[in-house]
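Colleague: Please read through the structure below; I'll follow up with questions.
Please treat every number below as a calculation from the coordinates, not as lab data. Not measured: the values here are computed from a predicted model. With ideal geometry, Cβ positions are generated from the backbone for all residues, glycine too; neighbour counts draw on all protein chains shown.
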């Protein structure tokens, strides 16, 4: 259903049940699912967070300067990106890590035209270090990169089945939305992604699908057009 996608993964998704650090089994499982979708001929770009290692707005960074804390968070995303790259290449999938912070010995600098060329050649591209600036989340980075490379859709893997009107872990009768608009998210204050990312998607008519990343095969189901998760449109 989609030719080119951007998949946003949280750092916590790579921590598995441990909640912190990298879970090698979870990284391998995630890479296997991405490889399955890649075999369909879909051009895949990943944006990975770093919350499993360090989050600039977490309690552990409360006493730190925000810029320093966010810089540490950006470096955490690079660790996760390299781990995913290794797991994908072990499955025979060519992969490139591109960072918004220059570190040429480790990864390529992000250049939009080069990223598009990698995708056209059938390589998976992992965007790391957010957008290279503090005060912007990896959600915003995912929205921005998706628009820059002209992705068909932004996929966001979470721990729940989609977008709810309340936290389903705290409210038993929380209602799941099958479809909604970005304006609904803004007006109702739904905790889907940060407001900057939502506004970017809304202004540029970029559709987004939020789905449960912990359900094996869900990425492939979304790409094949099955109604999984919640569809958000402008």
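Colleague: Determine, for 30, 181, 158, the number of other Cβ atoms within 10 Å of each Cβ, and report the residues in order from fewest to most.
Modeller: Placing the least packed residue first, the sequence is 181, 158, 30.
Colleague: Whole angstrom only: what separates the Cα centroid of the range 12-33 from the Cα centroid of the range 163-182?
Modeller: 25 Å
Colleague: For 10, 143, what ranking results if the residue with the fewest other Cβ atoms within 10 Å of its Cβ goes first?
Modeller: Ascending number of Cβ neighbours within 10 Å: 10, 143.
Colleague: Rank the residues 224, 147, 98 as a footprinting-exposure proxy: fewest other Cβ atoms within 10 Å of their Cβ go first. Mind dumping the intermediate values first?
Modeller: Values: 224 14, 147 17, 98 21.
Fewest-to-most ranking of 224, 147, 98: 224, 147, 98.
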